[in-house]
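So the structure is just underneath, and the comments pick up after that.
The values are calculated or read from the model by the stated rules, or taken from the named source; none is laboratory data. It should be emphasised that the depicted structure is a prediction, and the values quoted were computed from it without experimental measurement. Methodologically, a virtual Cβ is constructed for each residue, glycine included, from the backbone with ideal geometry; neighbour enumeration extends over all protein chains shown. Note: areas computed on protein heavy atoms with side chains; ligands, DNA, RNA excluded. Shrake-Rupley method; radii C 1.70, N 1.55, O 1.52, S 1.80 Å.
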Amino acid sequence: MFSGPDGVLAIYQRSKKPRDHLWNAWVCRPVAAVLVYLLRATPITPNQITFLSLFTSLAGNAALLLVGGAAGPLLAALLVELAFILDC
């Protein structure tokens, strides 16, 4: 799962950018690499995942506006972070 040409580590290495932020390199891209590994044998395309990130981001915005109390901003932050991971 983790090693080999199609393993999570190889997917992560291919997704890295030369000047990436620490948050991307240590949090977002590793999670995205696991997601890519899990979806590799499905008919889901990278464009479909990126399109899903749009709706996830919109859901985060809606949560910020519609969910009251402290749960709204927390849910919004989680959804926007998930959208960013999907876009990685």
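Here is the figure for the stretch 25-50: residues that are of a type in the set (Lys, Arg) and open to solvent by 40 Å² or more (accessible area, probe 1.4 Å) total 1.
Return the residues of the stretch 51-76 that are open to solvent by less than 60 Å² (accessible area, probe 1.4 Å) and polar (S, T, N, Q); say none if nothing qualifies. Listed by number, the residues that qualify are SER53, THR56, SER57.
Is one or more of the residues making up the stretch 62-85 β-branched (Val, Ile, Thr) and over 14 Å from the mean Cα position of the chain (by Cα)? The answer is yes, given that some residue of the stretch 62-85 is β-branched (Val, Ile, Thr) and over 14 Å from the mean Cα position of the chain (by Cα).
Of the set (1) modelled with pLDDT of 90 or more; (2) among the hydrophobic types (A, V, I, L, M, F, W, C); (3) surrounded by fewer than 17 Cβ atoms within 10 Å (Cβ to Cβ), all apply to LEU22 but (1).
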